[in-house]
1. Could you list, in sequence order, the residues of region 3-33 that are farther than 23 Å from Ser174 by Cα and surrounded by fewer than 16 Cβ atoms within 10 Å (Cβ to Cβ)?
2. Name the residues in region 15-32 that are hydroxyl-bearing (Ser, Thr, Tyr) and in a helix (DSSP H, G or I), would you?
3. May I ask you to list the residues in region 158-182 that are surrounded by fewer than 16 Cβ atoms within 10 Å (Cβ to Cβ), part of a helix (DSSP H, G or I) and in contact with a Leu (Cβ under 8 Å, 6 or more places away or on another chain)?
4. Please verify whether Leu191 is aliphatic (A, V, I, L, M), under 20 Å from Asp11 (Cβ atoms) and at pLDDT 85 or above, treating the condition exactly as stated.
5. Of everything in region 76-92 that's closer than 22 Å to Ala207 by Cβ and among the aliphatic types (A, V, I, L, M), which residue is modelled with the lowest pLDDT?
6. Residues in region 47-62: is at least one buried (at least 21 other Cβ atoms within 10 Å of the Cβ), β-branched (Val, Ile, Thr) and assigned to a strand (DSSP E or B)?
7. Which pairs have Cβ atoms under 9 Å, sit 6 or more apart or on different chains, and link a residue in region 188-203 that is surrounded by 13 or more Cβ atoms within 10 Å (Cβ to Cβ) to one that is part of a helix (DSSP H, G or I) and hydroxyl-bearing (Ser, Thr, Tyr)?
8. Quick check on my filter: what residues within region 34-75 are in contact with a Pro (Cβ under 6 Å, 6 or more places away or on another chain) and either at pLDDT 95 or above or farther than 20 Å from Met172 by Cβ (or both)?
Amino acid sequence: MSPPRVFVVDDHALFRAGVRAELGSSVTIAGDAGDVETAIGGIVATRPEVVLLDVHLPGGGGLAVIEAVRTAAPDTRFLALSVSDAAEDVIGLIRAGARGYVTKTITRDELVDAISRVRSGDAVFSPRLAGFVLDAFAGDLPTPIDPELDQLTPREREVLRLIARGYTYKEMASRLHLSVKTVETHVSAVLRKLQLSNRHELTTWAADRRLL
């Protein structure tokens, strides 16, 4: 069987280059992208068998990528590869249609195996993440997972993570392709909904929930 055709989506160019180098001849890299818009166009154009997809991306996140290409590229399967092991991230992507979710602590051989299994139609999860999925689909996980976080729109969650990571309004506007004024409006909405007063409180709130 020929190597899987893989498209890599991550907002860190160095990480994408590292994945290319690590996977080597075990896969065929169809392309890569660092934001939602570029990822959608690239996936639709190249029709890879498997997309390695980060959760948090400029322009809407991994969920937006899956939702946008699900109809245009129905045979493409998604494997989330993220630093985040938060339950809401795992379950959100699986509900959207991802076939697996592994963290960036995975070894090279484990990742090659995971890609191959996802291409074949299997579901693949890092060991501790499988419990989240089983609980969620068995109905044992509270819904919403975090009532406070659930108040926020997908765009507000993006803004929350970026401001908690120390980005300026101007930097966030550039990454999200928004005006500074629109970013300010989103930040105000996040602070109001979470009943927080400033960036420091927001950063603490996000860190407590492992959202950074």
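1. Gly18, Arg20, Ala21, Glu22, Gly24, Ser25, Thr28
2. First pass over region 15-32, keeping only residues hydroxyl-bearing (Ser, Thr, Tyr): 25-26, 28.
Result: Ser25, Ser26.
3. Answer for region 158-182, where residues must be surrounded by fewer than 16 Cβ atoms within 10 Å (Cβ to Cβ), part of a helix (DSSP H, G or I) and in contact with a Leu (Cβ under 8 Å, 6 or more places away or on another chain): just Glu171.
4. Values: aliphatic (A, V, I, L, M): yes; under 20 Å from Asp11 (Cβ atoms): no; at pLDDT 85 or above: yes.
Taking the combined requirement at face value, the residue does not satisfy it.
5. Looking only at region 76-92, we keep the residues that are closer than 22 Å to Ala207 by Cβ, and these are 80, 82-92.
Still in the list and also among the aliphatic types (A, V, I, L, M): 80, 83, 86-87, 90-91.
Numbers: Ala80: 92, Val83: 85, Ala86: 75, Ala87: 72, Val90: 80, Ile91: 78.
Selected residue: Ala87.
6. Yes, region 47-62 contains a residue that is buried (at least 21 other Cβ atoms within 10 Å of the Cβ), β-branched (Val, Ile, Thr) and assigned to a strand (DSSP E or B).
7. Leu196/Thr204
8. Glu49, Val50
The values are calculated or read from the model by the stated rules, or taken from the named source; none is laboratory data. All figures in this text were calculated on a predicted structure; none of them were measured in a lab. Counting neighbours? That spans all protein chains shown, and the Cβs are built from the backbone with ideal geometry, glycine included.
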